Amino acid sequence: MLKVRFGTMVVSFVTAAGVLLALGTTAIGQGGEDQVKKIAALIKKGDMVGAKKAAADAAKGIDIEDVMHLFKPAKKKGIGVTGSDQGIEQALNKLNQNAPTPAVMAKMADAYEEMGYNVAAIGLITEYKAPEKNNGKMTKKAWLESTTGMVENGVKFAEAAKGKNAADVKAQATKVNNNCNACHTTFR
């Protein structure tokens, strides 16, 4: 009888842990999107002090993996790109390869601008996720340089999109991608 109860307790515990993990990931993904959009709106208005405060608050309740997951398409619980089935990462990779056509630029300029501010907002949140201890090349300084680049390049990408210049959008997408790749080379 004791073996059955113990086994039942273990199964119940494992099941409960799995449910909590699944719910936590869903809640973080959805909640993170709202927080990123709020921070992005503050950046767009030029309120960097308010954006940093909101980013610090957002960083308290989210893991770095969940923050990075926001670059995925909306159907995968990422932020996605308005007017597209792509995630931010996919859109940046595509723009890095080829400048958008004039027709695509006309259609997607507002979405690209929003995407740039979202990148900057995610960069601000990741700033607060810096490693506490240095480990080889994985230093707090390297982390902060990467997050600063993410914020600055995200804003420049948004500004290029607002200007509707396809060549500038491609150039800024390349800078965002290069910054992401450099960070991931060190921190993955």
Among the residues listed as 123, 80, the single one being surrounded by 17 or more Cβ atoms within 10 Å (Cβ to Cβ), part of a loop (DSSP other than H, G, I, E, B) and in contact with a helix residue (DSSP H, G or I) (Cβ under 9 Å, 6 or more places away or on another chain)
80
Could we say that residue 128 is modelled with pLDDT of 90 or more, more than 27 Å from residue 168 (Cβ to Cβ), surrounded by 17 or more Cβ atoms within 10 Å (Cβ to Cβ) and touching a helix residue (DSSP H, G or I) at 6+ places or on another chain (Cβ under 8 Å) here?
yes
Consider residue 142 against the criteria (1) touching a Phe, Trp or Tyr at 6+ places or on another chain (Cβ under 9 Å); (2) part of a loop (DSSP other than H, G, I, E, B): it satisfies all of them except one. Which criterion is unmet?
(2)
Among the residues of segment 89-113, what is the count of those that are in contact with a Gly (Cβ under 9 Å, 6 or more places away or on another chain) and either acidic (Asp, Glu) or over 15 Å from residue 160 (Cβ atoms) (or both)?
3
Of the residues in segment 178-188, those that are under 19 Å from residue 64 (Cβ atoms) and either in a helix (DSSP H, G or I) or aromatic (Phe, Trp, Tyr) (or both) come to 179, 180, 181, 182, 183, 184, 185, 186, 187
Here is a list: 41, 106. Which entry is exposed (fewer than 14 other Cβ atoms within 10 Å of the Cβ) and either of a type in the set (S, T, N, Q) or in contact (Cβ under 8 Å) with a residue 24 or more places away in the chain (or both)?
106
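The values are calculated or read from the model by the stated rules, or taken from the named source; none is laboratory data. On a predicted model such as this, the values are computed, not experimentally measured, just so you know. FYI the Cβ positions are ideal-geometry reconstructions off the backbone, even for glycines, and counts take in every protein chain you see.
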